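*Asks:* Mind having a look at this structure? Questions to follow.
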Amino acid sequence: MKADKLPVVLLVSTGLGSIYRGYESFTAECFEALKNNTSFQLILLKGAGNKKPSELVIGNFKRNGKIAYLLSKVIKKEPYWIEQFSFAIAMLPAIIRYRPAVIYYSDFVLGTFLWHSRNWLKFKYKLLFSNGAPNGPPFTRMDHIQQLLPIYLEQACAAGTAIKKQTLLPYAIQIEHVDKLVLRLQQKDAIRHSLQLPIQKKIIVSVGAINSQHKRMDYVIKEFAALPQDDYFLILLGQIDELSAPIMELAKKDVSLNNFLIKQVAKEEIPSFLLASDYFILASLNEGLPRVLPEALAAGLLPIVHDYAVTRQTLGHYGVYRNLQQNAQLKNAISEVDNRAITKKELQEFAMKTYSWDALRERYIEMLKANIG
């Protein structure tokens, strides 16, 4: 069947091109992994960046822009809400043109607007929500939910959401072949040199928005500051915005200037920083399924995480679990990482088997096909 005769799926991310979160990196990878399938035509709608084949850039008032900020003061709505609303309005011509069978999205607020648009304008698309935040039940303004972990499926079912309305399918990530990863790990010093990182010190890395809210980078800095500074180096990678300044100041106050790096990088650069590191910590206390955890595993890192159902279900045996609401946890966690009898190749193979696009691509295609009807 010709591409222009296939049912259309719109894959939507309002922040893609301007925001660096798991939502955006997942959407970009999902498009690359599924765009050449033969069951449906996949079109990517993003909020910024260059237009490429089968991609549309949708104009909007970006959450980190001046217009959204000014409007938020006037109408008493968050800049994020304004971005979602303006994007939903601006994508209407694409909906009219392509008549999608499915709209696949991660931003809950956008989905709410698309639900109302469908009712008001009599559109026929199905709404497929990837529940990455996560949001809890009731799920009333979407047709189907992709649940990333068993805990969220169980919670939704307990609250009355039908099992047939849900698909249990974890985030997939792009992972290099294990043999190539093993080879790159043997080049760790060269990778560090290319990234201008210290060769002799043990490197601790955390990835996430550079603020004290969800990813709790302030906690990471304080834990790092309690370690021997001559032995360790800290890297924080993630979105830098107006909430990042206090994190920068805390690092300067608690850690010597030549002993940390705080940087926003493109998602393609993150694997090199992970491969250059010795330890990984994620201090968040609530997640959907943190994509960075499989990414850390793929780099041969045994993640240090808060001990709760999400991390247990994501990592299983391949995690070091601590109560990261308490102080002085990192030092002992590092000792456990050093003492665990798990090879880097074993971590990489687990990540490949459980979370790679190679392993999960067909399950994503089947989920989308099932919602086309």
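The values are calculated or read from the model by the stated rules, or taken from the named source; none is laboratory data. None of these values were measured; they are calculated from a predicted model. Quick reminder, even Gly has a Cβ in these numbers, built from the backbone with ideal geometry, and neighbours come from all protein chains shown.
*Asks:* Run residue 152 past the list (1) assigned by TED's automatic domain parsing to the domain that holds residue 365; (2) of a type outside the set (S, T, N, Q); (3) surrounded by fewer than 19 Cβ atoms within 10 Å (Cβ to Cβ); (4) part of a helix (DSSP H, G or I) and report the number of the one that doesn't hold.
*Replies:* (3)
*Asks:* Quickly run through the stretch 96-113 and pick out the residues that are under 21 Å from residue 19 (Cα atoms) and without any contact (Cβ under 8 Å) to a residue 60 or more places away in the chain. Don't jump to the end; show me each part of the working.
*Replies:* Let us first name the residues in the stretch 96-113 that are under 21 Å from residue 19 (Cα atoms), namely 103-113.
Residues satisfying the conditions are 108, 109, 111, 112, 113.
*Asks:* Examine the stretch 82-95 for a residue that is charged (D, E, K, R), touching a residue at least 24 places away in the same chain (Cβ under 8 Å) and in the same structural domain as residue 142 (by TED's automatic domain parsing), and state whether such a residue exists.
*Replies:* yes
*Asks:* Would you be able to tell me the number of residues in the stretch 51-84 that are under 20 Å from residue 98 (Cα atoms), of a type in the set (S, T, N, Q) and under 22 Å from the mean Cα position of the chain (by Cα)?
*Replies:* Within the stretch 51-84, residues that are under 20 Å from residue 98 (Cα atoms), of a type in the set (S, T, N, Q) and under 22 Å from the mean Cα position of the chain (by Cα) number 1.
*Asks:* Could you please let me know if residue 25 is of a type in the set (Ser, Thr, Tyr), touching a residue at least 12 places away in the same chain (Cβ under 8 Å) and either surrounded by 17 or more Cβ atoms within 10 Å (Cβ to Cβ) or assigned to a helix (DSSP H, G or I) (or both)?
*Replies:* Yes.
*Asks:* Additional query: Only one of 73, 124 is in contact with a Lys or Arg (Cβ under 9 Å, 6 or more places away or on another chain) and loosely packed, with under 13 Cβ neighbours inside 10 Å; which?
*Replies:* That would be 124, the only listed residue that is in contact with a Lys or Arg (Cβ under 9 Å, 6 or more places away or on another chain) and loosely packed, with under 13 Cβ neighbours inside 10 Å.
*Asks:* For the stretch 137-149, name all the residues that are under 26 Å from residue 357 (Cα atoms) and in a loop (DSSP other than H, G, I, E, B).
*Replies:* Matches in the stretch 137-149: 142, 143, 148, 149.
*Asks:* Here is a further query. Take residue 16 and tell me if it is within 19 Å of residue 371 (Cα to Cα) and without any contact (Cβ under 8 Å) to a residue 60 or more places away in the chain.
*Replies:* no
*Asks:* Which pairs do you get when a residue that is in the same structural domain as residue 288 (by TED's automatic domain parsing), found in the stretch 209-222, comes within reach of a residue that is of a type in the set (Asp, Glu), reach meaning Cβ atoms under 8 angstrom, with the pair 6+ apart or on two chains?
*Replies:* Close Cβ pairs satisfying both conditions: 209/241; 210/241; 211/241; 212/218; 221/254; 222/254.
*Asks:* At least 1 residues that are within 19 Å of the chain's Cα centre (by Cα) in each: list the helices (runs of 4 or more DSSP H) lying fully within the stretch 246-352 that qualify.
*Replies:* In the stretch 246-352, 270-275, 292-298, 309-315 are the helices (runs of 4 or more DSSP H) which contain 1 or more residues that are within 19 Å of the chain's Cα centre (by Cα).
*Asks:* Can you name the helices (runs of 4 or more DSSP H) wholly within the stretch 45-106 that have at least 3 residues being in contact with a helix residue (DSSP H, G or I) (Cβ under 8 Å, 6 or more places away or on another chain)?
*Replies:* On the way: elements: 66-75, 79-90, 92-98.
Ranges flagged: 66-75, 79-90.
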